[in-house]
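Taken together, the values in this text are just the output of simple stated rules run on the coordinates, not laboratory data. Source: prediction; values computed, not measured. All Cβ positions, even for glycine, are placed from backbone atoms using ideal geometry, and neighbour counts span all protein chains on display.
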Amino acid sequence: MLRRFIAFFILIGVFGTYAQAQNIPVHEQYMFDFMLVNPAFAGISEITSIKAVHREQWVGMDDSPSTSFLMFKHRLKGRAGGIGGYIYSDRNGPNSYNGAQISWSWQVLLSVKRQNKMMLSFGMSFRGLLHSLDETKFDRDMYDPIVDYNRKNTFVPNANAGLIFSYKQHFLGASFENLIPWSDRMYNITYEPNNHVIMNVHTGHILNIKSKFQLRPSALVKTNFHGLNQLDLNIKFHIMGGKDVRSVYIRHNNEVWLGLSYRQTLDWMHSAPLSLSPAIGFSYHAFTFMYLYDLGLTSLQLYNSGSHQISIGIKFWHDKYYNWDKHLIPSFNDDF
């Protein structure tokens, strides 16, 4: 069974680069939750969480994009798997996108010894997107043969897949977006070609500095194999507090963290910085709060005051231990 799963993801990586699909609003602030880029993170931790996120992009510009979404994830009790997903709304001038994604994951325990375990997690997600284009307010004094000054709607389905290998407090993962070759019928693909499959390769580590201090570096490389390449470098510093909650690991109810994300394009024959994003967050018992400021490093930054993203959420701890085969172990206590 394990060999079949691995072979399946290899085939996606090899042949998926030739598939095409219409792009969707991308939530690149995965520092809030890695499930946004890889469905294999759905339910991999031992918590149930609900988060509401809102992003205002390019503040100060007229009709600047804004995105809101409500996400959740949950580990299925007594089973080697989890579920997650989100509903979202994105506004960008006359274009709007509304949709939902549902994800599920399942895990294969390769080895375990006290606190140290080696695990593979597989994930799949399916998405439905309603794209609307409102041309009713377009300037009628300028003639354009492709504009009919009506409101248009199209529905675009798609799917993602992901894989995570983890050992102790390290992880290495890959995910593939836009796996269904379904184009947005609103566009003429002769002039506006479909987007290609996107592959994300990401890695991270939790470094325990002292009993209540952690450093969490991570990196992500994104490519569509057709000239679009991007590198993200992230780091988060966590300070733990509150009463210890003892499991096989020791965790804490409260924490404060500071983060920084650097993004750069690695396009063919061109490499340039894209953005620098400081972030802050804290957890107090079940309540969580996060804020990120995205400072663009391109010439567009001269015309806006940056982008802001805020998240509030609630999390519930359950299943301190997970009965997996002969071992009584916890799932991940951290979401990287």
Proxy reagent accessibility, fewest Cβ within 10 Å first, across R140, R91, R55, R75: R140, R91, R55, R75
From the cross-link list K113/K210; K117/K236; K73/K152; K51/K212, which pairs have alpha carbons spaced over 27 Å apart? K73/K152
Taking the alpha-carbon centre of each part, the distance from the stretch 119-176 to the stretch 81-117 in Å is 14 Å
What is the set of long-range amide H partners of L274 at a cut-off below 5 Å, with H atoms built 1.01 Å from backbone N? R263, Q264, T265
To make sure I understand, if each residue's beta carbon is the centre and we count other beta carbons within 10 Å, what order do S211, S283, S105 fall in, fewest to most? S211, S283, S105
For the residues L276, L129, L300, what sequence is obtained by ranking on other C-beta atoms within 10 Å, fewest first? L300, L276, L129
